[in-house]
1. Can you classify the stretch 235-300 as rounded, prolate or oblate using the Cα gyration tensor, where a ≥ b ≥ c are the square roots of its eigenvalues, rounded means a/c under 1.5, and otherwise it's prolate if a/b beats b/c and oblate if not?
2. How much length, in nm to one decimal, is gained on full extension between residue 404 and residue 629, taken as 0.36 nm per residue of separation minus their Cα-Cα distance?
3. Would you list the P(r) distribution for the stretch 433-541, with all Cα-Cα distances sorted into 10 Å bins from 0 and each bin expressed as a whole %?
4. Hey, rough spin-label estimate for residue 531 and residue 343, points 7 angstrom out along Cα→Cβ, what's it come to in nanometres?
5. Tell me the Kirkwood hydrodynamic radius of the stretch 292-367 in angstroms, computed as one over the mean inverse distance between distinct C-alpha pairs.
6. What translational D, rounded to a whole number of µm²/s, comes out for the chain from Stokes-Einstein when the hydrodynamic radius is the Kirkwood one over Cα pairs, at 4 °C and 1.567 mPa s?
7. Roughly what angle does helix 248-262 make with the longest principal axis of the chain, taking Cα atoms, 0 to 90 degrees, to the nearest 10?
8. Round to the nearest 10 and give me the degree value, 0 to 90, for the angle of helix 500-509's Cα axis relative to the longest principal axis of the chain.
Ligand SMILES: Nc1ncnc2c1ncn2[C@@H]1O[C@H](COP(=O)(O)OP(=O)(O)OP(=O)(O)O)[C@@H](O)[C@H]1O
């Protein structure tokens, strides 16, 4: 990064600009406090009002199920009561949301201001940008949300004529001032004016701070290349290739917050899926979105996804080849289902549709090739047959008696009313609802395709002894065409660690969703994973087009560390990468001929007093166990499902360390034997070293890996 040009930093109270900005802040803060108090009071009085109304109403309502008339009256009264509660809730939700935004802003009302000439000749307008938006009582903006269209002018980092997009239209404006603030509550600590936006003073301040055990939102300091991803137009697939520490995970979370804001009327967080590498990582990122006032999306690992889909007990399928999936696709075209490929529909001990009935439903559509249409037709037929069977059961007197013998509470639970059938016909109608209630899972089983033995079919098609989870999921997709109709966005972090077959499953499972795929080819730490060009081909085939972005600056690591891990890359590539300049410590790289000296150095490194969190990143799980024995209490072993401590020394295998960061990283076993000069070992070493923010210690037991030189 080049040097900062014409930037001022001030914290002097003699500065009139500082004084004016502090005045503005104080005034705005008072308004925010007022808004907070008004809403709380409103909520409280409404709550009390609501409480009183509800008490009054509920006292009027008598639960009287004596006869048909009384029952109807009681139910009507309960319904009125419910609608009152709903109305309060809606009003309440709006206020609660506003209160949430105010509380967020009271911690830091804004972090930047842009002054814009909206139209030539008109006085310029100051726009203050914060983590959330807030208007005053006359609906004038006090602070605008960082995701609002006009805030783009801040992130664009273009002085003078610039533009932003509103509803697909470009608005041209003139940016005359871009000011950043360091604010805590109502106290202005300093401000920075950037006339030529090159170096970001706020960014340097943020990077100097020691990292915390949880990832932080980067809202105030999103950089230009990152903003292109965060605010990217909605495309079917966006593939981001970024070096270690370039903010991929951060950008991913900001993008989710951006989408939730932009599509707030229609997008629910549950329609956003986030695939993360492991559950330590899941807990590392779980406070970022809530700190921005948003809910977390559905976060899953591949393992959890597979289990959720009912394929959990199989081999995860990490060695499944794309050819195997293509063979399934092809073989399915001429597949003739055999009687043993089908299964009866049962619930507990009760068989609801016999195997012969399932078979005849399948035979009815034998002229269709196996595929979504065939499956939909058979499912419909099975639902019909099940309905007929349930109708038959409803005429059974034993069932009717069982129903009439239900206690009142259970009747209410099932029917929303108590039973008082007048005649035989009505009794049968109730009994129909009763059996539908009892056996509703049978319809689900039909939907889930429980009548197909995928393992048997797949094993026959592939001539294999067993199906992997990947193959099983894919075969089911051959039958259904799609997995999720509900998901709208699927984000995959660390995409370089997925195999082609896994990605083929995801692309097809979420064929209607838009994808954001982020990764770093140099961090592919497993054998046999997909290259970026293959990733683009796979998603191009299912989604039509793939847009690509690059992130080339490292924000995590000091220049010394960035130089060390970038030194492992091809010279061509290395030249394009940069890091943010700040003070750093030279890495320590040492090798030892004898084991005792090595262990002594390792123990010294882990017990050496240091700030923050230190991680010993072991090359494999086996090495992590060996090291745990050697280092004993000096380190805390991190396993799946745990979260990181704020400080101290942890020991974890590379597989778990990926995606995380630490103040100090110790890479043990850096001998040639463990890290030979192979492409895979190079990527593993690059991944381990790039976890460090400030310090790196590399220790080898025997000759050092040829990829590094001692220093
Ligand atoms: N614009 C930014 N402002 C402040 N900090 C940033 C910015 N971008 C990234 N960072 C910080 O840099 C570090 C690395 O970010 P992040 O983990 O998102 O990168 P990554 O590309 O996913 O890394 P990796 O691929 O190596 O796991 C984090 O501490 C993050 O807070």
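Taken together, the values in this text are just the output of simple stated rules run on the coordinates, not laboratory data. Predicted model only: the values in this text are computed from it and were never measured. Here the Cβ positions follow ideal geometry from the backbone for every residue, glycine too, while neighbour counts run over all protein chains shown.
1. oblate
2. This chain segment gains 74.3 nm when fully extended.
3. P(r) over the stretch 433-541, rounded to whole percents: 13, 34, 30, 17, 5, 1.
4. 4.1
5. That comes to 16.5 Å for the stretch 292-367.
6. Taking Rh from Cα pairs, D becomes 43 µm²/s.
7. Value to nearest ten degrees: 50.
8. Between the helix axis and the principal axis of the chain, the angle is about 50 degrees.
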